[in-house]
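The values are calculated or read from the model by the stated rules, or taken from the named source; none is laboratory data. Since we're looking at a predicted model, the values are computed, not measured. Every residue, glycine among them, receives a Cβ derived from its backbone with ideal geometry; neighbour counts consider all protein chains shown. Accessible surface areas use protein heavy atoms only, side chains included; no ligands, DNA or RNA. Shrake-Rupley method; radii C 1.70, N 1.55, O 1.52, S 1.80 Å.
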Protein chains: 2
Amino acid sequence: MKVRRSNRLVDMTRYLLAHPRTLVSLKFFSERYGSAKSSISEDLSIIKHTFETWGEGQLKTIPGASGGAILTPYYSEENAQESIDALVNEVADDSRFLPGGYVYLSDMIGRPDILRKVGKLIATQYKDQDVDVIMTVETKGIPIAQAAAMYMNKPFVVVRNSSHITEGPTVSVNYVSGSVKRIKKMELSRRTLSAGANVVIVDDFLKVGGTLNGMHSLIKEFDANIVGMTVLAESASSEKRLVDNCTSLVKVDADDSDQKKTITARPGSFMETVFGKEN
Amino acid sequence: MKVRRSNRLVDMTRYLLAHPRTLVSLKFFSERYGSAKSSISEDLSIIKHTFETWGEGQLKTIPGASGGAILTPYYSEENAQESIDALVNEVADDSRFLPGGYVYLSDMIGRPDILRKVGKLIATQYKDQDVDVIMTVETKGIPIAQAAAMYMNKPFVVVRNSSHITEGPTVSVNYVSGSVKRIKKMELSRRTLSAGANVVIVDDFLKVGGTLNGMHSLIKEFDANIVGMTVLAESASSEKRLVDNCTSLVKVDADDSDQKKTITARPGSFMETVFGKEN
């Protein structure tokens, strides 16, 4: 079978998007389409140029016999700002108000359109870094971790709050739950994380930072390294934080004073951290 | 800006994959690329033909002034069989043995390559059905639900085992946990599911079916409809099941007799249910 350029471009784009941050060899494409490697190289130039033009990612081409291409999906500054603004608009809704300064976000973290933005923003932040695994804590951090994992093509691990029989041997740490000031326990299956692994921590919401701090301790317990921490939303209140250097996509303020029950939202630290742009 | 066909094909493929099961108008593409609608129509024919040739999905084109295209990602029978076989190979590993007939799958449901297969298989099963929402139960069902949601472009909701302060008002049901024969409680945030919604239930593992049965009751409590149930793996043991009509991708047997501690795996009911093909 010999496949025409127009069909190759469509299938190659689909294939590369399904295998992000993975070296796909010229040989593989050449055999798949019955085309010369020189034609495949030209196809890759077109794909590279298109992703750059639309600010949707970088295609790195590796020359030589064992060469090929690696697609790293990410947002240009303009697309990132647009995605952040869309998230801010979603969060800024008084019906999200919950008692105690919390914010209802469960609907957002179940929506594919939101998760694609969140995942690609996190992938943008860590596009040039060596990441082996993404870590989060059950339950609401899971969709954030998975969304990032899909674009970064790295596995995610879920820290759990109590022992479950289907997990096998675990390592556990105690931590101070920030909002209720109570000692709690979190644990991770021993076989899910290797010593020396480079870990990105993600979660849905940062208030005091107790659980993020707990994951910090757990990573040290496994002799692994922390590459960075990112949350979907952080509380704008000036409570004392237990963690530094956590990037947020959205900053949200749940105002309970005078029974107002209002929610205001603005961009978090993401654009400044990633693009050096002040909000 | 006027964009050439080769660049349009790459960007349109990326755009359609990021907006599955969504009508994207000719007008949108025509303005995005500064191209005539007739050229965009030709592009869409090429994309349609390519997805069909490689068995990766269907592009439905809607003619007329308000027309456009809808991409439904799914696997051809051949690709589905290949993905099921890959999942079976992953599961068939004695180191997955856990006491009590359970199977360690946590690593699999944290791997993007596995989740893409699982999600696209589930999307294949329900490609012609009207689905409003995907439902699962915390914790290990979440990655399965999210994987399916990304390909079906529908939201997923997570049933929880106990009350959490950040959820708002909830509806709860009691159910019999099959494996331990105990009455437990599961609940879902009231605002996450509407009456009359068409729901697909997914989970990671089916043993007796207690939690699936509980979700069944919960859906009735919300006056919603069940479209179908699909699990990643079902236990091959002949225990009495609490649910019928649950599709499985993999069937797994954890043999504890004579201290053997072996795991065997084979394809589940998926190929027969979806393609009428006997395993």
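Sorted from nearest, the other copies put their A:K27 label points 5.1 nm away, the label point being 7 Å from Cα in the direction of Cβ.
The angle between the Cα long axis of helix A:142-152 and the main principal axis of chain A comes to about 30°, on a 0 to 90 degree scale.
Nearest 500 deg cm²/dmol is fine: what mean residue ellipticity at 222 nm does chain B get from its DSSP H runs of n ≥ 4 alone, each adding -39,500 (n - 2.57), divided by its residue count? Provide the component values of the computation, followed by the final result.
On the way: 8 runs with 97 residues, N = 279.
Only helices count here, giving -11000 deg cm²/dmol.
Starting from the residue with the highest accessible area, list A:K260, A:K127, B:K2 in decreasing order, probe 1.4 Å.
On the way: A:K260 110, A:K127 65, B:K2 160 Å².
Ranked list, largest accessible area first: B:K2, A:K260, A:K127.
Sorted from nearest, the other copies put their B:S217 label points 3.8 nm away, the label point being 7 Å from Cα in the direction of Cβ. When DSSP beta bridges are restricted to pairs lying wholly in the protein assembly as shown, around 55% turn out antiparallel.
Output the pairs from A:K37/B:K277; B:K48/B:K277; A:K184/B:K184; A:K37/B:K120 with a Cα-Cα distance over 28 Å in this structure; if there are none, say none.
Exceeds cut-off: A:K37/B:K277; A:K37/B:K120.
Partner aspartates and glutamates whose Cα lies under 18 Å from the Cα of A:K2, excluding those fewer than 8 positions away in the same chain, are identified as A:D11, A:E31, A:E42, A:D43, B:E52.
Between copies, A:S237 shows label-point distances of 4.7 nm, shortest first, with the point placed 7 angstrom from Cα along Cα to C-beta. Each of A:I219, A:V243, A:L206 was placed along the dipole of segment A:132-279 (beta-carbon charges, centred on the mean Cα), and the one lying farthest toward the positive end is A:I219.
Computed in the context of the full set of protein chains, the accessible area of segment B:185-261 at 1.4 Å probe radius has 38% of its extent on carbon or sulfur. Using only Cα atoms, find the angle between the long axis of helix A:5-18 and the longest principal axis of chain A, and express it within 0 to 90 degrees, rounded to the nearest 10. The answer is roughly 30 degrees.
May I ask for the accessible area buried between chains B and A, both sides summed, probe 1.4 Å, to the nearest 100 Å²? Mind showing how you got there, number by number?
On the way: alone 14070 and 14070 Å², together 23400 Å².
Protein heavy atoms only, the B-A interface buries about 4700 Å².
What lysines sit close enough to B:K240 to cross-link, taking a C-alpha to C-alpha distance under 17 Å and skipping anything fewer than 8 places away on the same chain? Output for B:K240: B:K181, B:K207, B:K251. Give the percent of DSSP beta bridges with both residues in chain A that are antiparallel, rounded to the nearest 5. Around 55 percent of the beta bridges assigned by DSSP in chain A are antiparallel ones. To the nearest 10, the accessible area of B:C246 is 20 Å² with a 1.4 Å probe. With protein chains left intact and a 1.4 Å probe, residues in chain A average 42 Å² of accessible area per residue. Would you jot down the residues in segment A:114-128 that end up with at least 10 Å² less accessible area in the complete protein assembly than in the chain alone, with a 1.4 Å probe? Listed by number, the residues meeting the 10 Å² cut-off are A:L115, A:R116.
Coupling constants for segment A:186-202 follow from the phi torsions by the Karplus curve (6.51 cos²θ - 1.76 cosθ + 1.60, θ = phi - 60°), and in residue order they are 10, 8, 9, 4, 4, 7, 8, 9, 9, 4, x, 5, 9, 10, 9, 9, 10 Hz; glycine and proline get x. Rounded to the nearest 10 degrees, the angle from helix A:210-221 to the longest Cα principal axis of chain A is 60 degrees.
Around the Cα centre of segment A:102-167, unit charges on the Cβ atoms of Lys, Arg, Asp and Glu (plus for the first two, minus for the last two) sum to a dipole of about 220 debye.
For the pair segment A:10-80 and segment B:247-279, the centres of their Cα atoms are 37 angstrom apart. Straight distance only, please: which aspartates and glutamates reach the Cα of A:K127 with their own Cα at less than 14 Å, same-chain residues fewer than 8 apart left out? Straight-distance partners of A:K127: A:E56, A:E77.
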